[in-house]
Structures are given as C-alpha cells and as structure tokens.
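Accompanying notes for the structure given below.
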Amino acid sequence: MSSKSGLKIFSGNSNRPLAEEICKAIDVPLGSATVTCFPDGESFVKIDENIRGQDVYIIQSTCTPTNHHLMELLIMIDAARRASAQRITAVMPFYGYARQDRKDQPRVPITAKLVANLLVAAGATRVLTMDLHSQQIQGFFDIPVDHLFASPVFFKYLEKLKGENMVVISPDIGGMKMAAAYATILGASLGMVWKKRTSATTVESITIVGDVAGKDVLIVDDITETAGTLTNAAKLMRESGAASVRAAVSHSLLSPIAYERLAKGYIDELITTNTIPIDPRGLPIQVLSVAGLLGEAIVRIHSNESVTSLFRVKGF
C-alpha cells in the first residue's frame, strides 16, 4: 500500500462507527476533533491537532438529522481550511438532498446543487461519495468528484443466489440501468415495477413487467426511506408467485413507518450498507460494510493514484 504520510482523517457525528472502521481498514488513526453543540443547538468544531499542509478527509453522511449533520460538515471543512490544510476532501458516503436534483414543478429549488455550492464555498477541494441518487449531481460541482458504487459489496454477498432462477427487478424506470447491471453480473433475468406515487410517503405499485412466478426476486434501489416502494413491489411479487423476495438498497434511511412496513414480511431480506447507521430492530436486515471500499479510495486519492477500478462496474 502507498505511503500515507500527511494523511489526516476526521469524522463528524453522523456515522462515527463507519469512520472508525475505515481508519482500521487502512491502518490510519482517526484524527482528534471536538464536534459538539452549544445549548442553543449551534454546532461547534475544533480540530485538536496540527493539520497545516496536510491532506485532510472529513467523513460525514448527511443523514438524519440532515440539516444538523450538513452544518457540522460545512463547519468542519471551514475549520480545516482556516487551519491551513493543503487539501480537504468531503467524504460523504450518503449525499443528502440528492433527490432534489431538478425543477420538476414550478417554484421549487434544486437543493442538490445548493448543497454542492455550500461545500465548495466552505472550502472543500474534492468530494468522495457513493451511489448518488442521480449521477448528474457530479456535474453540479466545479471540483473533482469521485463517485463510488456499492454494487461490488452487494455482488460478493449475492454470489450465493446467482443463477437462472433469479430475476432482478427495478422499482421504477429510473433504476433500470442499475438493475440491468445487477442482472448481467448475476446471470439473472430483468424486470420492472411500474409505479405511481400518491404522496411523499405513499406509493401505489400498479403492475409488474417481467415474469417472477417461481423466481427468486431481487429488487434493487439506491435509497429507501419509508419502504413504500419496496413493500408494495414485494407484495406484488408474492401475489404473482415469486419463490422469495429480497431487496438490495445502498442507503436505508429507515423511518418508523418503514419498520412497520418491513415487519409485514413481504421482504425476506433487506440487504443494505452502513453508509448511514442502521438498527435492524430484529428484522431480517443484512448490513454490509463499505469501509474497505471507501478506505481504499481515500488511500488512492491521497497517493494521486487512479480510483477508476473502484467505480467501474460491468453494466454501468
């Protein structure tokens, strides 16, 4: 492994266990920083070691509470810039606000672009992220963005299911490209659920495109919050004679209603990653670690090596 001198890694409060796992994977100590709040809720940051001229990586997923964790990240970046760090990379395993990436109705913001502007204004010189909801978000930045896929971690776990009896389902037309990549690598057939969203928390799945009778179904998606899409799709699969139904989701921001829906048992297993903290709560939720993938990317970026092999996935 390449030299890691001058490499400093810090973590906010959104997902410290992942930051610690990343540091352990690449044998780099997690830097000391005070990240806390004043009584009125204002965030306070102090970097407790010298980072002048260093290559700094700040690990922070903008998950619940989203705005608080985003402010922590911005303040940490500003603190690092004012402490004369040579380069500051925002490592965002989950990039919040990514679903607000376009004007799909009158008088609404493009908040994904706003967040990109805020990160650059704070002093970030690079962004490392994983499974963006929309890949075009990379173009919202005027600084380099390294966009990793969690799919290699999923493929390794799903090897046991590989075979002709498997069908990969996209829960909507926007996910067909990702579903096609999974189907190609896993040697499975491909299908889709056509859905109609009735509100922010409710999805009415209408029909299945493809044959699932007697098949082991794998629904793939990049993000779930209320599990409405997943459970509605899984229910359809069950009613259509599927032998089993699993879901592979990169980012699971599970709300209380999501746990209620998953508890109904339509999904045999939810396979997800630790880009955000997950509490299985006794449900069949399998959490896979992306620490090794992110750690390797950090080391390669630090050493000015190519990270292409880490995000080049057959089918994409």
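Just so it is clear, none of the values below were taken in a lab; they were calculated from the coordinates. Just so we're clear, the structure is a prediction, and the values are computed from it rather than from any experiment. Ideal geometry is used to build each Cβ from the backbone, glycine not excepted, and the neighbour counts take in all protein chains shown.
Three principal axis extents of the range 151-288 based on alpha-carbon atoms, in descending order, are 36, 31, 25 Å. The packing ranking of peptides 293-301, 169-177, 40-48, highest mean first, is 293-301, 169-177, 40-48, where packing means the average number of other beta carbon atoms within 10 angstrom of each residue.
Protection proxy ranking, highest mean first, for peptides 212-220, 61-69: 212-220, 61-69, where packing is the per-residue count of other beta-carbon atoms within 10 Å, averaged. To the nearest ten degrees, helix 111-122 and the longest principal axis of the Cα atoms of the chain are 20 degrees apart.
Take every DSSP beta bridge whose two residues both sit in the range 151-288; close to 20 percent of them are antiparallel.
Given the range 30-170, what percent of its DSSP beta bridges are antiparallel, to the nearest 5? Taking every DSSP beta bridge within the range 30-170, about 30 percent pair in antiparallel fashion.
Label-to-label distance for residue 49 and residue 189 is 5.5 nm, based on points extended 7 Å past Cα in the beta-carbon direction. When the Gaussian network model of the chain links Cα atoms closer than 10 Å, the mean-square fluctuations of 16, 107, 99 top out at 107. The base-10 log of I(q)/I(0) for the range 1-117, evaluated at q = 0.10, 0.16 Å⁻¹, reads -0.33, -0.78 [Debye formula, identical scatterers on Cα atoms, solvent excluded]. By other beta-carbon atoms within 10 Å, ranking 223, 110, 59 with the fewest at the front produces 110, 223, 59. Think of it as helices only: each DSSP H run of n ≥ 4 in the chain is worth -39500 (n - 2.57), and spread over all residues that comes to -9000 deg cm²/dmol at 222 nm.
The convex hull drawn around the Cα atoms of the chain, when projected onto a plane and averaged over every direction, covers 16.8 nm². Modelled this way, with points 7 Å down the Cα-to-C-beta line, the labels at residue 37 and residue 159 are 4.4 nm from one another.
For the chain, the longest principal axis of the C-alpha atoms and the axis of helix 291-302 are separated by about 40°. Principal-axis analysis of the Cα atoms of the chain puts helix 16-26 at an angle of about 80° to the longest axis.
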